[in-house]
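Accompanying notes for the structure given below.
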Amino acid sequence: MKKQLRGSLSILLAVIIWGSTFVAQSVGMEHVGPFTFQAIRCGLGAVGLLPVIFLFDRKKSDGKDFLSRFGDKLLWKAAVCCAIPLFFAANLQQLGLVSTDAGKSAFLTAMYIVFVPLIGLVFHKKLSPTVPFAVVIAVIGLYFLSCYGVTSVNIGDIYLIGCAIAFAFQIIFVDKYANSVDPLRLNCLQAALCAVGSGIVMLLTETPTLTGIRESWWGMCYAGFLSMGAAYTLQILGQKNMEPTLASLIMSLESVVAVLCGALFLQELLTQWETIGCVLVFLAVILSQIPIKFRK
């Protein structure tokens, strides 16, 4: 129970960072293309983790050096498995932000809470009896919170549904490898691979400028060092101690954090429906944390 609590707190801290990063992503998109933003963001996240990894390595006594620990085949397998869905998720989300309003994008992205348990069933993951109810309550809450009254559909919505599916696979793969490899190195490598992939697409489809990058620089730094570097590491650490569907439900609080940050820092008033949505998502997360064991 204590391990699950530590895992929940770790993911909750990641959620707070992710929720506050939305502004940085939106502002950054005013000056650079989505793949440029993601390439630089992920690159900064990977580079920022290197000195942290070096410091933690000094406490290890397994006889290996800094570089040789990066040669672990399982680590690279885990990094590739996590980086591929993360590459699609991050870039589809960024593309979706171009044509979809913030509220609806938050709702559609958070739909990974539906896809995670469905994909988990394929991997024979058992669910607590409370989890399906929690998922339904969370979906209703996210709808009220993010896009109540929205009826139009555009290409950005399709991108964001693809983003949710990709995030679900990333959560499942993190669950598979979190207890087998160094979480700091796993995040460093998945960030680096996402940066390379995004950079290749950037060179093929966009024309980045130094002026645009300079205008977006602080947003990229925030999204890179904190969101990519710190928050995704916290996600991996948190998932070491909890089931992926429970983790995804806590991650759905990102939408709540984003709305609350808007209210606190941008003086955006919460509507009645947004308030109801916040309450429902919080209730869903609390319900999902109630330990109920299966009868044998």
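Quick note: the coordinates plus some simple rules give every number you see, no bench work behind them. These numbers come from a predicted model, not from an experiment. Don't worry about glycine lacking a Cβ; one is built from the backbone with ideal geometry, like all the others, and counts go over all protein chains shown.
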Run the quick spin-label model on Glu30 and Lys176: label points 7 Å from Cα toward the beta carbon, then report their separation in nm to one decimal.
-> 4.1
Simple label model, 7 Å out from Cα along Cβ direction - Asp62 to Ile158, nm | 4.5
Working out 0.36 nm times the residue gap between Val122 and Ile140, then minus their Cα-Cα distance, what length gain in nm do you get to one decimal?
-> 4.0 nm
Excluding residues fewer than 8 places away in the same chain, name every one of the aspartates and glutamates whose C-alpha is closer than 15 Å to that of Lys73.
-> Asp182
